[in-house]
Each structure stands twice: as structure tokens, then as C-alpha cells.
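Participant: Sharing a structure below in C-alpha cells format, with a few things to ask.
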Amino acid sequence: MNDKYEVFLRDVKNEFSLNIHQALEMIHYFHKEMEMGLAGEKSSLKMLPSFVCPPKGTEKGTFLAIDLGGTNLRVLAVRLLGDGIIETVGVSRFAISDEVMTGTGNMFFDFISRCIEAFLKENHIAQERFDLGFTFSFPVIQSSIDRGVLISWTKGFSVSGVEGRDVVGLLNDALIRNKMESIHISAILNDTVGTLAAGSYMDPLCHMGVILGTGTNACYSEKIKNIKKLKDPFSSDEMFINIEWGGFDRLERNIYDETVDKNSQNPGEQRLEKMVSGLYLGEIAKIVVIHMIEKGYILSMGLQSILTEPYSFTTEQLSHLSSGSDIFKKSGIRISDTDREIIREIACIVSERSARIAATAIAAVVQWIDPRLHNHHHIAIDGSLFEKYPGYKENMQSMLEEIFGDLAKKITLKLTHDGSGIGAAVVSAIEAHKRS
Ligand code: BGC
């Protein structure tokens, strides 16, 4: 084997490592940024109040929910039976085209209204009034449970005329335009808030909701007295806080991270997200591969077709590669065994760092809630990276063990399917309970 190539790969490994010292330092800064965010001071962690309190698990009723934040819009009808039991009555999925993702606000909200209409028809649901929970997975400043102003788009969305405006109001206008006045938007929430609401409705030990998918973020329940920036009184002594951890900016970046950031739609923002989430991992790996081709360490021709376009190398492909499947053969690309092995190794390096950063961020939040880990903490996690990437959960677990030793056993990482959608129904139910 070529020595130079081995040295290069070792350097890449180093550049993508997160050792225990760096992890502990990350936790330290994470706590500082959390504190500043809660106090309303400038911080890379926005710590957004959600106006949602923990569910009791006894709330009942049938609610509509929409879940928007990735490449699909989901509409659901969900029945809560009390006793922590949830049934999904119906669910439809609608692909969001690039045109809608980058078009005008009116196009975007009319599209959502039409999806709700199609869902109700398909499932033969008719009622005089529907309470709908709206999961909107972008950073939103809320002043109440049903008012939320979009700070900025993330994850490749760039619908015009929405940033800086109340998203509930815009959806309401569209519902009226489309003669759907029977729909009443009772809550707007982040997907992490939904995941925690669903997780804690079903399991009282669930203390955190995390998304590890196209984007990444987390939410936890905070004591009202610690949310210094909260001006108005709240009906409970705890409130879910949407951390928006994708924005954390105290991690050291390497040249590949900087390139991805520079070429992205929102340079300088969402720094942690760009090192961790599914939208970006393929792109990071692609840039390392291009570097190796330029240096002459990867020699196979024909790779260009999947490397030239931005985001052409997806995290799904990375994940297949990591599990040993030959994605190149499927695309008709001939590549040597050595080159395939090198690219597989790069995939593993990039995904392992992502898992270690995600686990360290979870460790930081758990330690914030319970510094000595007296209690057990179940973490509700949704998203394809956690669910499908081979070895991802194991890499997270081993990072938690490095940080906490034996105490890591007190933290359980639990896949919580569709939490973001189901959670919107749970939050609607909490609101309905308050009114009754
Ligand atoms: C958004 C968050 C969201 C996360 C996961 C990020 O890009 O800023 O609000 O929770 O993606 O969907």
C-alpha cells in the first residue's frame, strides 16, 4: 500500500476526531451558551421557549397534526387514549418539491392547505371544528403557544416573504383563502418539542427530545425560574425549551467543514448542524474524496458523475457504503477495490464524528438537568441518521461511556418514530385540557 495515502488518511482521521478532552471542553462551553441563551444574552444556542409544559399522560381526544421540516409534509390524525397510549388514525405523506421549498410564501402555505384538504378527503374525516397542532421544524421565536415568528430558514428551504413573520398567521390566511375555516391552529411547535411531548406522554422518564435527521436539534424541560428571559407568567412550573443546538459555534472546524459552510445557503450559521446532520455528511465526505482525487490517492475514473453537483453524494449513499454495499456498481461506476475501501473509510470517519458530537451534546444537556446523574434519563430520538446509519447509535453510546463511565447506563437512547407529528397532537391535547 501507498505510504502517502496512509499518512493522508491518518491526518483526515485526526482532523475529524473528537477526543475526550475536546468533548469535555464542548460540554463546558455548551453549558455557558445555554445559560446565556436562557438569560436572553447573545449566544449561539437560542434556547427558545416553546410555551409547552410536560404532558400528564392522561390527556385524551382526537387531534389533527401537520409535520413539516424536511423533504416531506405529513398530515396525521392522532387519538390519545389517556394512560400514555397513542393511536395514529390516519397519516398521509406529501413530497415537497424544490419549487415549493424555494417559491413564494403564498405558494408554500396554499400547498400545505391543499395537503390537509386531501388528507381529510382521503380519510373521510369531516367535523365542524378541528384542533390542529403544527410542527414546524425551523427556528421560531414564540410569544405564545400559537404565535411564532420564523427567525431564518435552514436545511435548504428559502421560501420568500416568511422570515420575520408569524407562521401561524400565514397558514391561517391560506386556510381562509382555501375555504378551510373549520381548521383551528391550536399550537405551533418545533419537531424536537413534538418528539419530547410524544416521548414523555408515553414514558415519564423521557427528559429530552432529539432529532438526528436532515437537520439536528434538541429540546428539554426547564424550570421556569431558570428561564430568565421569560417575561410573562406561565401556567406550569416547567416549560420545554427548544435549544436549537445546530447553531452551537464553539467547536473547532477543519478545512472540509469550512468548505461545506462557505458553499452553503447560510454561511456562518448552523455550524454544529453542518458537522452532524444528514443533509451535510455526504457533502463533507465528497469534499474529502475530491481532495484525495486531486492528490492522486484515489485513481478510479468515473466518480465525477456523483461528485460534481453540490449535494450529489447523499448521506443515504454514505450509509450504504458504511454497511459494505457497493453503491458504485449500482450506479454503473467502475472503481477499484482499494478506492472503494478508502471511500468507505472516509464515510466511517465522517459519520463517527457526527455521532460523537451528537452524544456529547446529549451528555451536556443531561448533565445540565441532573449534574450527578442521580436519575435515569430516556432520550427520545427521531431521524434517519440515528435510525438507519449503521453503527451510529453504537458510536453515540461509546462516547457517552467515555464521558460518564459506568453512569452512562443511566442514559437510554430510544428511537421514537414519528414523535414530531404525534407530539403535535399531544401538545394540542395539553392546550385543549387547559381550556376545559
Ligand atoms: C432547525 C431546527 C430543527 C432541526 C431538526 C434545524 O435545521 O433549525 O428547528 O429542529 O433542524 O429538524
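Participant: Please tell me if ILE343 is open to solvent by 10 Å² or more (accessible area, probe 1.4 Å) and more than 16 Å from the ligand (Cβ to nearest atom).
Facilitator: no
Participant: Might you check whether a residue that is assigned by TED's automatic domain parsing to the domain that holds ALA358, open to solvent by less than 40 Å² (accessible area, probe 1.4 Å) and without any contact (Cβ under 8 Å) to a residue 60 or more places away in the chain occurs anywhere in region 103-120?
Facilitator: Scanning region 103-120, I find no residue that is assigned by TED's automatic domain parsing to the domain that holds ALA358, open to solvent by less than 40 Å² (accessible area, probe 1.4 Å) and without any contact (Cβ under 8 Å) to a residue 60 or more places away in the chain, so the answer is no.
Participant: For region 154-191, enumerate the residues that are free of Cβ contacts under 8 Å to residues at least 60 places away in the same chain and either in contact with a Lys or Arg (Cβ under 8 Å, 6 or more places away or on another chain) or within 10 Å of the ligand (Cβ to nearest atom) (or both).
Facilitator: Correct list: PHE157, ASP166, VAL168, GLY169, SER182, HIS184, ILE188.
Participant: Let me ask something additional. Name the pairs whose Cβ atoms lie under 9 Å apart, with the first residue in region 79-101 and more than 12 Å from THR62 (Cα to Cα), the second of a type in the set (Ser, Thr, Tyr) and assigned to a strand (DSSP E or B), and 6 or more positions between them or separate chains?
Facilitator: Short answer, once both residue conditions are applied: none.
Participant: Would you check if there is a residue in region 55-66 being over 29 Å from ILE125 (Cα atoms), in contact with an Asp or Glu (Cβ under 9 Å, 6 or more places away or on another chain) and aromatic (Phe, Trp, Tyr)? Please lay out each step first, then the result.
Facilitator: Our first condition is that a residue be over 29 Å from ILE125 (Cα atoms); within region 55-66, this holds for none.
The answer is no; no qualifying residue exists.
Participant: Another one. Looking only at residues in region 239-267 that are assigned to a loop (DSSP other than H, G, I, E, B) and under 22 Å from THR314 (Cα atoms), which one is farthest from the ligand (Cβ to nearest atom)?
Facilitator: Once the filter is applied, the top-ranked residue is ASN254.
Participant: If we keep just the residues of region 413-436 that are free of Cβ contacts under 8 Å to residues at least 60 places away in the same chain and open to solvent by 30 Å² or more (accessible area, probe 1.4 Å), which is nearest to LEU205 (Cα to Cα)?
Facilitator: Among those that are free of Cβ contacts under 8 Å to residues at least 60 places away in the same chain and open to solvent by 30 Å² or more (accessible area, probe 1.4 Å), it is LEU415.
Participant: Taking the conditions exactly as written (at pLDDT below 95, among the charged types (D, E, K, R) and open to solvent by 70 Å² or more (accessible area, probe 1.4 Å)), does ASP131 satisfy them or not?
Facilitator: It is false that ASP131 is at pLDDT below 95, among the charged types (D, E, K, R) and open to solvent by 70 Å² or more (accessible area, probe 1.4 Å).
Participant: Anything in region 244-267 that is open to solvent by less than 40 Å² (accessible area, probe 1.4 Å), touching a residue at least 60 places away in the same chain (Cβ under 8 Å) and under 18 Å from ARG356 (Cβ atoms)? List them, or say none.
Facilitator: TRP245, GLY246, PHE248, LEU251, ASN254, TYR256
Participant: OK, next. Hey, does region 37-46 have a residue that's among the charged types (D, E, K, R), loosely packed, with under 14 Cβ neighbours inside 10 Å and farther than 30 Å from PHE234 by Cβ?
Facilitator: Within region 37-46, not a single residue is among the charged types (D, E, K, R), loosely packed, with under 14 Cβ neighbours inside 10 Å and farther than 30 Å from PHE234 by Cβ.
To keep it simple, each residue is scored yes or no on (1) on the phi > 0 side of the Ramachandran plot; (2) modelled with pLDDT of 95 or more; (3) away from the ligand (no atom under 16 Å from the Cβ).
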residue	(1), (2), (3)
ALA23	no, yes, yes
HIS28	no, yes, yes
LEU38	no, yes, yes
LYS46	no, yes, no
SER50	no, yes, no
ILE66	no, yes, no
THR71	no, no, no
ARG79	no, no, yes
ASP83	yes, no, yes
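Participant: Right, next: Restricting attention to region 305-328, does a residue exist that is away from the ligand (no atom under 16 Å from the Cβ), in contact (Cβ under 8 Å) with a residue 40 or more places away in the chain, assigned to a loop (DSSP other than H, G, I, E, B) and open to solvent by 10 Å² or more (accessible area, probe 1.4 Å)?
Facilitator: So far as region 305-328 goes, yes, one or more of its residues are away from the ligand (no atom under 16 Å from the Cβ), in contact (Cβ under 8 Å) with a residue 40 or more places away in the chain, assigned to a loop (DSSP other than H, G, I, E, B) and open to solvent by 10 Å² or more (accessible area, probe 1.4 Å).
Participant: While we're here: Only residues that are out of contact with any Phe, Trp or Tyr (no Cβ under 6 Å at 6 or more places or on another chain) and within 16 Å of the ligand (Cβ to nearest atom): list them for region 197-238, please.
Facilitator: The answer is ALA197, ALA198, GLY199, GLY209, VAL210, ILE211, GLY213, THR214, GLY215, THR216, TYR220.
Participant: Can I ask one more? I want to confirm something. Restricting to region 268-286 and keeping residues that are among the hydrophobic types (A, V, I, L, M, F, W, C) and within 12 Å of the ligand (Cβ to nearest atom), which single residue is most open to solvent (accessible area, probe 1.4 Å)? Steps first, answer last, please.
Facilitator: Narrowing region 268-286 to residues among the hydrophobic types (A, V, I, L, M, F, W, C): 272, 275-276, 279, 281, 284-285.
Filter once more, keeping what is within 12 Å of the ligand (Cβ to nearest atom): 272, 276, 279.
Details: LEU272: 3, VAL276: 1, LEU279: 52 Å².
Filtering first and then ranking leaves LEU279.
Participant: Oh, and also: So, of the residues in region 121-173 that are under 22 Å from THR214 (Cβ atoms) and aromatic (Phe, Trp, Tyr), which turns out to be nearest to the chain's Cα centre (by Cα)?
Facilitator: PHE138
The values are calculated or read from the model by the stated rules, or taken from the named source; none is laboratory data. What you are looking at is a predicted structure, and each value in this text was computed from that prediction instead of being measured. A quick note on method: Cβ atoms are made from the backbone with ideal geometry, for glycine too, and the neighbour counts reach across all protein chains shown. Ligands, DNA and RNA are stripped out before the accessible areas are found, and what is left, the full protein with its side chains, is counted by its heavy atoms. Shrake-Rupley method; radii C 1.70, N 1.55, O 1.52, S 1.80 Å.
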